[in-house]
Structures are given as structure tokens and as C-alpha cells.
Amino acid sequence: MQSSVESFINVLESYRGRDKVIRTLCYGSQLVGGVLAGKNSQSSLGKSLLLFSAQLSHCRTTLRLFDDLSMLAYSTSYGLGASEEDALVRWMSILNNIADQLYYPCEHIAWAADAELIKTKSDKWWVLSTGLWGISLILNILRSIRSIQILKRKVQKCQWSGSADSREEALSQKAALRRQIRGEVFSILSSLADLSNAVHWMSPGFLWAGRFPPWLVGLMGTASSLIGLLQMSSSDQGACT
């Protein structure tokens, strides 16, 4: 019990870990609140949970005001992906980084417009930022699919000679490659859930006439958040093995 509490505290002490927890609470509240409000439009608990979810969403948007430099540092360090073995993975990663880098200033402008800090309409900037988010998710899905194909080929090539040491090394390599494949599968599932929400947040009429109900948005977001937490837990366990 104590180790679980300490692990949770360690997650909260990091920016990325805290964002994942806030994100999970945000979408979880939207899921439960949407279900309660759908059953009874006068449900005070449902309305409160939806308001709580909205405030957490605003909190995350505000915190992302400071993400530009960290994203730029990552994009700069990746560069043209000279270390990547596969050309498709390299170019998809480069385009993904560009979409992510452009996403932040567009969202900042939309946020500033809503806060009446600048005189412009926020709608088009929200649509643009959401569109860039969607492009990033699609590229991430395609990159993960390609990475899985490459990793599966590597697993098939893992062979050993007659010695016990060689067999143990090959088995260890296979286990590491399979962990990477699981990570890519988690990434695809998380991106698919987020992509459904990106479609939802596009302004009505841009893609279709309506939006998803709050509980469905909450369900997709909660699934994506839980997968992200599971990925974080799996990577921590993998580092310890």
C-alpha cells in the first residue's frame, strides 16, 4: 500500500505524470457526469462533474502555454531523424513534430482570444489547432504500425547458436522487442481514442452537423488516459527488469 502511494506521489511530482492524472480525472468526470446528465437532465451531480471536467480542461490548456520550448527542444534534438533505421518512420516522425510544434501557438491564440487578451475570433484557431492535433494522431498511428512491422521482422531474426549464453541473449532480445511492440499497440489504441475526440472538437458543420454526447467523449478520453498511465507503468517496469 505504501509503495503504491509513493509511486502515485512520484507521478504527481513530474509534469507529464501530473498532466496524465489531471487528464484522467477530466475525462472520467465527463464520462460519469455525461451519463448522469443523460439519464436525468436535472441531476446536480452530473452538472457538477461536467463543470469540474471543464475546469480541469481549462487548467490543462493553460499549462500547455509553457510547452512550446520543450517541444522545440525535442524537435531540434530529433532533427531529420538521422538515427532512424527506416525512412518512412523518419519522415512520419518529422511531420509529426512539425504538426505538434504548430499546434501549440494555434491553441495559445485561441486561448488568448477566449480570454479577451487579443481581439480575434477564437473559433478558427480552435479548428486549426484541433486539425493539427488530428494530423499528429494519424501520423502517430501510421508510424506505430510501421514500427510494429519492423519490430516483428527483428523478432523473427532473433536466433541463437547451440550455447546456453547465446540462447539466453536471444530470448532477452525477443522479450525486449515484444515489450516495444506492446508499447506501439498501446500507442495506436490511445491515438485512435484521441482521434475520435479530435473529430468531436472540430466545430459543427466543419466535418458534420453534430458532436458526440459528453459521456462518449469522456469514455474515449478516459480510455486514452488509462492506456497512457498503463504505458507509463509498463515502461517503468521494463526499466527495472
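Key figures for this structure:
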{"quantity": "Computed helical MRE - 222 nm, the chain, DSSP H runs ≥ 4 contributing -39500 (n - 2.57), nearest 500", "calculated": "-29000 deg cm²/dmol"}
{"quantity": "Accessible area (Å², 1.4 Å probe, nearest 10) - Ser196", "calculated": "30"}
{"quantity": "Gain in span if fully extended, Leu229 to Arg179, counting 0.36 nm per residue against the direct Cα distance", "calculated": "16.4 nm"}
{"quantity": "Solvent exposure of segment 17-124 as accessible area per residue, Å², 1.4 Å probe", "calculated": "60"}
{"quantity": "Net charge dipole size for segment 36-179 [Lys, Arg +1 and Asp, Glu -1 on Cβ; Debye, nearest 20]", "calculated": "580"}
{"quantity": "Segment 1-112, accessible surface, carbon-and-sulfur percent (1.4 angstrom probe)", "calculated": "66"}
{"quantity": "Inter-label distance for Lys124 and Val21, nm, one decimal - labels placed 7 Å from Cα along Cα-to-Cβ", "calculated": "4.1"}
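The values are calculated or read from the model by the stated rules, or taken from the named source; none is laboratory data. Small disclaimer: the values here were computed from a predicted structure and weren't measured. A quick note on method: Cβ atoms are made from the backbone with ideal geometry, for glycine too, and the neighbour counts reach across all protein chains shown. Heavy atoms of the whole protein, side chains included, go into the accessibility calculation; ligands, DNA and RNA do not. Shrake-Rupley method; radii C 1.70, N 1.55, O 1.52, S 1.80 Å.
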